[in-house]
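A.B. asks: Here it is, the structure, as structure tokens.
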Amino acid sequence: MHPPSPPALSAQRSAFLNWFCTQAMPLWTTAGVDLAQGGFAEKLDVHGQPVDEPRRTRVVARQLYVWAVAENLGWPHDTSGLIAHGLDFLLTRLLQADGTFASSVTPQGQVVNAQFDLYEQAFALFAMATVYRRRPEAHAELLAVSTRLLTALRAGWGHPLGGFEESQPPTLPLRANPHMHLFEAALQWAEALQGAQADQAVQAPWWALADEIAELALARMVDAPSGLLTELFDGDWRPMPGADGTLVEPGHQFEWGWLLVRWGRHRGRADALAAAQRMVELAEARGVDAQRGVAINSMGTDCAWRDANAKLWPQTERIKAWAIMASRASDTREASRSLDHCSAAIAGLMGYLTRPLAGGWYESLDAQGAWSAEPVRASSLYHVVCALETVAHTAA
């Protein structure tokens, strides 16, 4: 069901959209874009000036996502030039001869970090799938580059039990996090290819990837006694020994929950929907600090807190999770409860957006309630905008 939003949530959504259009986009489409050298700024300092750092694939990809969805969120200006600018940098300076993407390069395209990182590959795929929806003239190239990358990943880094190795030769731990973003990218591609323009054979590799990661998560990553999804694994996809093997991030429970609902709906998987609900409920009940109104960084499978600081990004995942939970609620009471949690999550996030730099944000809130003074990370804009997109369209 798609319940109507209560007035408070509607007002929050309007304020959130207004912040995006009147503060965030004016800042990041100017100070955050390097028209002289190419690509996008990694960070902005307290005065809104770019911080000179190597350009990572993940940041170029995340900014491409933002530009590709901005107009649908009310940004009144054409973003096609920004998309072309970012796509050029991604495909001419970050794309390597073997079909994978470098972790980071100089603005001129000289490789700074050549080490393979599954996380970077996931975001390249995610960006290309998102841009695919905006640029019909680039369909063939985007699909070809993405298909070649997926083939390279399977051939070079495929794990015999499912998922992917961290490197070759293999190193440990295996991480859930890059697989989560690869899951997100697979869903983005599968959904982008739905419809009359693509036959099932074109969609099949992306559904296969999404299915593989979802099954891996449900079978190997979820701690059965608690229902929480852990982070770090040995070479056989078993939890790492000791405290590493019981590490849980509330933000990732929200994020995995959101993704598993999307996948479970497509695949008719009630077990995935139930697992997602449990993750989200536990993260809310045990991973949110009621006093500060924010999701904390980490805890154990026993729900004992390990890091009570609260980064910005978990707040955005909390919004997404409760927005999608409201859309799948079985009755109005459950829907209302989910929307109340969504509203609380938006309230928690909006505190981070009060930094004096208009269009910027605080990256972290410490356990005592003090904001961090670090530069504003461009990589965080993706999290904020994905939350905005989800709450605008799912809980509308």
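The values are calculated or read from the model by the stated rules, or taken from the named source; none is laboratory data. This one's a predicted model, so the numbers in the text were calculated from it and none came from an experiment. All Cβ positions, even for glycine, are placed from backbone atoms using ideal geometry, and neighbour counts span all protein chains on display.
A.B. asks: Give just the number: which of (1) within 20 Å of the chain's Cα centre (by Cα); (2) modelled with pLDDT under 95 does G360 not satisfy?
C.D. replies: In the conditions (1) within 20 Å of the chain's Cα centre (by Cα); (2) modelled with pLDDT under 95, G360 misses (2) alone.
A.B. asks: Here is a follow-up. What about L260, is it closer than 28 Å to L125 by Cα, surrounded by fewer than 22 Cβ atoms within 10 Å (Cβ to Cβ) and aliphatic (A, V, I, L, M)? Reasoning before the result, please.
C.D. replies: Numbers: closer than 28 Å to L125 by Cα: yes; surrounded by fewer than 22 Cβ atoms within 10 Å (Cβ to Cβ): no; aliphatic (A, V, I, L, M): yes.
Taking the combined requirement at face value, the residue does not satisfy it.
A.B. asks: Name the single residue that is farthest from C386 (Cα to Cα) among those in segment 70-88 being free of Cβ contacts under 8 Å to residues at least 12 places away in the same chain and of a type in the set (D, E, K, R).
C.D. replies: D78
A.B. asks: Select from segment 242-270 the residues that are part of a loop (DSSP other than H, G, I, E, B) and under 15 Å from the mean Cα position of the chain (by Cα) and list them in ascending order. Don't jump to the end; show me each part of the working.
C.D. replies: Taking segment 242-270 as the starting set, the residues that turn out to be part of a loop (DSSP other than H, G, I, E, B) are 249, 268-269.
Once the filter is applied, which keeps residues that are part of a loop (DSSP other than H, G, I, E, B) and under 15 Å from the mean Cα position of the chain (by Cα), segment 242-270 yields only E249.
A.B. asks: Suppose we keep only residues that are without any contact (Cβ under 8 Å) to a residue 60 or more places away in the chain and not in a strand (DSSP E or B) within segment 292-314. Which one would you say is nearest to A335 (Cα to Cα)?
C.D. replies: G293
A.B. asks: What is the number of the single condition among (1) closer than 17 Å to E255 by Cβ; (2) modelled with pLDDT of 95 or more; (3) not hydrophobic (A, V, I, L, M, F, W, C) that T394 does not meet?
C.D. replies: (2)
A.B. asks: Kindly list the number of the only condition in (1) surrounded by fewer than 18 Cβ atoms within 10 Å (Cβ to Cβ); (2) in contact with a strand residue (DSSP E or B) (Cβ under 6 Å, 6 or more places away or on another chain) that fails for R377.
C.D. replies: (1)
A.B. asks: Looking only at residues that are touching a residue at least 24 places away in the same chain (Cβ under 8 Å) and part of a strand (DSSP E or B) in segment 26-69, which one is farthest from V111 (Cα to Cα)?
C.D. replies: L44
A.B. asks: In addition: For segment 120-150, which positions are under 17 Å from G163 (Cα atoms) and touching a strand residue (DSSP E or B) at 6+ places or on another chain (Cβ under 7 Å)?
C.D. replies: E120, Q121, listed by residue number.
A.B. asks: For T390, indicate whether it is in contact with a helix residue (DSSP H, G or I) (Cβ under 8 Å, 6 or more places away or on another chain), surrounded by fewer than 24 Cβ atoms within 10 Å (Cβ to Cβ) and among the β-branched types (V, I, T). Break it down into steps so the answer makes sense when it comes.
C.D. replies: Numbers: in contact with a helix residue (DSSP H, G or I) (Cβ under 8 Å, 6 or more places away or on another chain): yes; surrounded by fewer than 24 Cβ atoms within 10 Å (Cβ to Cβ): yes; among the β-branched types (V, I, T): yes.
When the stated conditions are applied, T390 passes them.
A.B. asks: On the given criteria, is S80 of a type in the set (S, T, Y), modelled with pLDDT of 95 or more and surrounded by fewer than 22 Cβ atoms within 10 Å (Cβ to Cβ)?
C.D. replies: Numbers: of a type in the set (S, T, Y): yes; modelled with pLDDT of 95 or more: yes; surrounded by fewer than 22 Cβ atoms within 10 Å (Cβ to Cβ): yes.
Criteria met by S80.
A.B. asks: Among what's in segment 4-25 and is free of Cβ contacts under 8 Å to residues at least 60 places away in the same chain and closer than 18 Å to G351 by Cα, pick the residue that is surrounded by the most Cβ atoms within 10 Å (Cβ to Cβ). Reasoning before the result, please.
C.D. replies: From segment 4-25, those free of Cβ contacts under 8 Å to residues at least 60 places away in the same chain are 4, 7, 10-11, 14, 18, 21-22; that's our starting set.
Narrowing further to those that are closer than 18 Å to G351 by Cα: 10-11, 14, 18, 21-22.
On the way: S10: 14, A11: 13, S14: 10, N18: 11, C21: 16, T22: 13.
My answer is C21.
A.B. asks: Could I ask something else about it? Do you know which residues across segment 81-115 are in contact with a helix residue (DSSP H, G or I) (Cβ under 7 Å, 6 or more places away or on another chain) and part of a loop (DSSP other than H, G, I, E, B)?
C.D. replies: Within segment 81-115, D98, G99, T100, A102, S103, G109 qualify.
A.B. asks: Still on this structure, please answer the following. Hey, can you tell me all the residues within segment 39-66 that are closer than 9 Å to Y382 by Cβ, touching an Asp or Glu at 6+ places or on another chain (Cβ under 6 Å) and of a type in the set (V, I, T)? Before you say what the answer is, go through the steps one by one.
C.D. replies: Quick first cut of segment 39-66, residues closer than 9 Å to Y382 by Cβ only: 58-59, 61-63, 65-66.
Narrowing the set further to residues that are touching an Asp or Glu at 6+ places or on another chain (Cβ under 6 Å) leaves 58-59.
The answer is V59, and nothing else.
A.B. asks: Tell me which of these K320 doesn't satisfy, since it passes every other one: (1) outside any helix (DSSP H, G or I); (2) of a type outside the set (A, V, I, L, M, F, W, C); (3) over 26 Å from E165 (Cβ atoms).
C.D. replies: Of everything listed in (1) outside any helix (DSSP H, G or I); (2) of a type outside the set (A, V, I, L, M, F, W, C); (3) over 26 Å from E165 (Cβ atoms), K320 misses just condition (1).
A.B. asks: When A295 is evaluated against the numbered criteria (1) farther than 27 Å from P239 by Cβ; (2) surrounded by 20 or more Cβ atoms within 10 Å (Cβ to Cβ), which criterion, by number, is the only one it fails?
C.D. replies: Checking A295 against (1) farther than 27 Å from P239 by Cβ; (2) surrounded by 20 or more Cβ atoms within 10 Å (Cβ to Cβ), the one that fails is (1).
A.B. asks: Look at A176 and say whether it is within 17 Å of the chain's Cα centre (by Cα) and more than 27 Å from M299 (Cβ to Cβ).
C.D. replies: Working: within 17 Å of the chain's Cα centre (by Cα): yes; more than 27 Å from M299 (Cβ to Cβ): no.
Criteria not met by A176.
A.B. asks: Which residue pairs have Cβ atoms under 6 Å apart, sit 6 or more places apart or on different chains, and have a first residue in segment 172-187 that is closer than 20 Å to D244 by Cβ and free of Cβ contacts under 8 Å to residues at least 24 places away in the same chain and a second that is surrounded by 22 or more Cβ atoms within 10 Å (Cβ to Cβ) and of a type outside the set (S, T, N, Q)?
C.D. replies: Here the result reads none, with nothing in segment 172-187 linked to a residue that is surrounded by 22 or more Cβ atoms within 10 Å (Cβ to Cβ) and of a type outside the set (S, T, N, Q).
A.B. asks: Can you say whether D331 is surrounded by fewer than 22 Cβ atoms within 10 Å (Cβ to Cβ) and farther than 17 Å from L229 by Cβ, as far as the supplied structure shows? Please lay out each step first, then the result.
C.D. replies: Values: surrounded by fewer than 22 Cβ atoms within 10 Å (Cβ to Cβ): yes; farther than 17 Å from L229 by Cβ: yes.
Yes.
A.B. asks: A further question on this structure: Residues being more than 12 Å from H179 (Cα to Cα), among the aliphatic types (A, V, I, L, M) and in a strand (DSSP E or B): count how many of those fall in segment 226-241.
C.D. replies: Total meeting the criteria: 2.
A.B. asks: Then there's this: When you look at Q108, is it of a type outside the set (S, T, Y) and free of Cβ contacts under 8 Å to residues at least 40 places away in the same chain, yes or no?
C.D. replies: Criteria not met by Q108.
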